[in-house]
Amino acid sequence: MAIWMVIGLWLVYLALTANLELGNVALGLLVAMGLTLLLRPPRGNFELRRLPRALAALVRYLSVVFLDVIKSGLVVARLVLDPALHVKPGIIAIPSDCDSELATALSAHAITLAPGEMVVEIGKDGTMYTHALDATRAAEFVEEAQELRRELLRKIFR
């Protein structure tokens, strides 16, 4: 078990609950150990020199996801408020090409967060089948957006 991951998750739990009673401290430790077992961190040495680059990529990734949610929300609002309602819903296939299942899941989560799009299935090869409110518009921007997510997730997890 990765002791540093357990300690990190435990400290996050304690910071979020702001409760240092003995029972809560013990519960936090159990939750941290359980999450570490479920997440199965990769074997190998953790390199402290990678941390700044990974944190910068994480901040950029979260910013990109936040902006995608805002932009998609505005597009969906415009489509809904338009009396003509020019939408062509459909399913589009987005290849994840991510290095791990966790990265694929995070990429799918980022897509699903955006209004008007929802990943309905992930194939064995990592292809994310996504329902889009306007499939013609989504198909144009999908590859560029996925490439950016893929690049940032690689920087975070490598």
In segment 51-62, the residues that are under 26 Å from Thr127 (Cβ atoms) and open to solvent by less than 60 Å² (accessible area, probe 1.4 Å) = Ala57, Tyr61
Do you know which of the residues in segment 130-143 that are out of contact with any strand residue (DSSP E or B) (no Cβ under 6 Å at 6 or more places or on another chain) and part of a helix (DSSP H, G or I) is surrounded by the most Cβ atoms within 10 Å (Cβ to Cβ)?
-> Arg137
In segment 110-129, residue most open to solvent (accessible area, probe 1.4 Å) [restricted to those that are out of contact with any helix residue (DSSP H, G or I) (no Cβ under 6 Å at 6 or more places or on another chain), closer than 21 Å to Ser72 by Cα and at pLDDT 90 or above] = Glu121
Among the residues of segment 49-58, is any touching a His at 6+ places or on another chain (Cβ under 6 Å) and of a type in the set (A, V, I, L, M, F, W, C)?
-> no
Within segment 103-111, is there a residue that is of a type outside the set (S, T, N, Q) and more than 23 Å from Arg40 (Cα to Cα)?
-> yes
Pairing a residue in segment 81-104 that is touching a residue at least 24 places away in the same chain (Cβ under 8 Å) with any residue that is open to solvent by 50 Å² or more (accessible area, probe 1.4 Å) and not aromatic (Phe, Trp, Tyr), where Cβ atoms lie under 6 Å and the two sit 6 or more apart in sequence or on different chains, gives Val87/Leu133; Lys88/Thr136; Pro89/Leu133; Ile91/His131; Ile92/Ala139
Which one is least open to solvent (accessible area, probe 1.4 Å), of the residues in segment 91-105 that are under 14 Å from Glu121 (Cβ atoms) and out of contact with any Gly (no Cβ under 9 Å at 6 or more places or on another chain)?
-> Ile94
Listed by first then second residue, the pairs whose first member lies in segment 117-136 and is closer than 20 Å to Val65 by Cβ and of a type in the set (Gly, Ala, Ser), whose partner is assigned to a loop (DSSP other than H, G, I, E, B) and open to solvent by less than 50 Å² (accessible area, probe 1.4 Å), with beta carbons under 6 Å and at least 6 positions apart or on separate chains, are Gly126/Ser96
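Name the one entry in Arg50, Arg60 that is modelled with pLDDT under 85 and not in a loop (DSSP other than H, G, I, E, B). Explain how you work it out, then say what you get.
Working: Arg60 fails: modelled with pLDDT under 85.
None of the others qualify; the one that does is Arg50.
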Quick one: in segment 1-25, of everything that is more than 10 Å from Thr36 (Cβ to Cβ) and not in a helix (DSSP H, G or I), which residue is modelled with the highest pLDDT?
-> Glu21
Consider Asp68 carefully, then state whether it is closer than 20 Å to Val142 by Cα and outside any helix (DSSP H, G or I).
-> no
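The values are calculated or read from the model by the stated rules, or taken from the named source; none is laboratory data. A quick note: this is a predicted structure, and the numbers were derived from the prediction, not measured. In this analysis, Cβ positions are derived from the backbone assuming ideal geometry, glycine residues included, and neighbour counts consider all displayed protein chains. Heads up: the accessible areas ignore ligands, DNA and RNA and are worked out on the full protein's heavy atoms, side chains in. Shrake-Rupley method; radii C 1.70, N 1.55, O 1.52, S 1.80 Å.
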